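See below for the structure under consideration.
Every number here is computed from the coordinates shown, using simple stated rules; none is lab data. Only a predicted model underlies this, so the values are computations on that prediction, with no experimental measurement involved. No Cβ is skipped: glycine too gets one built from the backbone with ideal geometry, and neighbour counts run over all protein chains shown.
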Amino acid sequence: MKFSLNHRFLILFLFSVFTFSSCSEDDIDDPVVDKIFVGDVQLRTQQEVETFGSNKYTAITGNLIIGDQVIMNGEISNLSVLNTVTSVGGILQVINNENLPKLTGLENIKEVTGLLSIWDNYLLQNLEGLNGLTTISATLEISGNISLLNLNGLENLVSLDGDFAIVGSPLLKNINALQNLKIIGRSLYISENDALENLDGISGLTTIQEELWINFNKSLLNIEGLINLTNIDLNTLLITDNESLVNLEGLNDIKTCKYLTVAQNNSLTNINALSNITTVTQLKVSKNNSLKNIDGLSNITNVEEALTIDYNPLLETISGLQSLQSVLGRIKIQNNEALMNLDGLSNLSIVIDNLIISSNNALTDFCGLKNLLLGNGLEGSYTVNFNAYNPTVQDIKDGNCRL
């Protein structure tokens, strides 16, 4: 599942379009005096931008939408006339502008109460123009800006209360402009940024409260920029489809995580940085072509739902599960071509659901299941097939647990 661009449709009908018949609280032309536009504004053409800007409003009580939310718009190329605006009481969205090269004109905006999204602006290379923002009260989404090289313009951002998504910017080389960011009130999504090699720009980040997704960043070499995360209470940790990622260093201080998935990271050799996690709800390690062990899971004692270890062709051992005592759901270990034994399950005593061990071509040693089966701790079905050895439950109880 990708975060991707579909979220835009959730807000398409949250506001009425701008009409020039809407009223302001003050019709004086003096730019020194606050002029407040009451209502929502949508600007689809350069002429509408110029006309609205000529009124020199300092605040908009509702939403400000620049562009068209449904189709690509080539009408807008310059926002400089909007430079008197200092606050937006609702959503600020710059969307679907194929000829807008910069955000100059928005630099005096200090406050955005609702969602701030910069979506599908094909010529935009940086975010200069957002320099006035130090805090964001809701979510910040930067998505589908195919020419974006960096996040310059966000140097003053310290915190945001909602989610932060950096998605679908194939030329984005670094996120160094985020050096002052310390707090994300909800989730962080970094996805589909093909040129991004590291997360060093968020090395000052200390807090994430809900989800951390890092996926489909094919040049990402490391995530060490997350090393100062100390205030973390994750519901979901998803590290998937990062072709060049070698390890997970940077996640060392994560202690709790409900849903943990590490999948399809072709260069990943170890997950040692996860060694402080003790309990998870669901755990999946899948399709990591270079992963030889899962030692980073050595302190996990309980999985509250499902445990899946599959399609890791070089995985030789699951000894990293040595502390695991209970799985309150099912276990699936399959298609790990190099796996030879199940010794890592020797302390497992309870499995509430089914146990499936299948298609592990080198697996000949099932003695790691003796504790579980002799204690009658398996409450679901026992499925063992297409391995190099396929003992029955009785075989294992009788001591015939290996070839």
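Just so you know, the averaged projected area of the alpha carbon convex hull for the chain sits at 19.7 nm². In this structure, the residue pairs whose Cα-Cα separation is over 22 Å, taken from 35/182; 292/332; 218/287; 173/287, are 35/182; 173/287.
Looking at the stretch 255-403, the DSSP beta bridges with both ends there are about 5 percent antiparallel. Residue-normalised convex hull volume from the C-alpha trace of the stretch 96-195: 75 Å³ per residue.
Entry note, the stretch 255-403: relative contact order of 16 percent, from Cα contacts under 8 Å with a spacing of 6+ residues. Here r is the Cβ-Cβ distance between residue 135 and residue 86 and R0 is 22 Å; the resulting FRET efficiency, rounded to 0.05, is 0.95.
Report the relative contact order of the chain, percent, no decimals, based on alpha-carbon pairs under 8 angstrom and at least 6 residues apart.
Result for the chain is 6 percent.
Could you let me know the centre-to-centre spacing of the stretch 194-221 and the stretch 345-374, using Cα atoms, in angstrom? Centre-to-centre distance over Cα atoms comes out at 36 Å.
The residues 332, 292, when put in order of fewest to most other Cβ atoms within 10 Å, stand as 292, 332. In units of the compact-protein estimate 2.2 N^0.38 Å, the stretch 255-403 shows a Cα radius of gyration of 0.95. Averaging the sequence gap over all C-alpha pairs within less than 8 Å and six or more residues apart, then dividing by the number of residues, gives the stretch 38-92 a relative contact order of 47 percent. Against the compact-protein benchmark of 2.2 N^0.38 Å, the Cα-based radius of gyration of the stretch 155-198 scales to 1.17.
Net charge of the neighbourhood of residue 327, taken over other residues with C-beta under 10 Å away and scored Lys/Arg +1, Asp/Glu -1, is -2.
Quickly estimate the mean residue ellipticity at 222 nm for the chain, helices only: each DSSP H run with n ≥ 4 gives -39500 (n - 2.57), and the total goes over all residues, rounded to 500. Intermediate values should be presented prior to the final figure.
Details: 3 runs with 18 residues, N = 403.
For the chain, the value works out to -1000 deg cm²/dmol.
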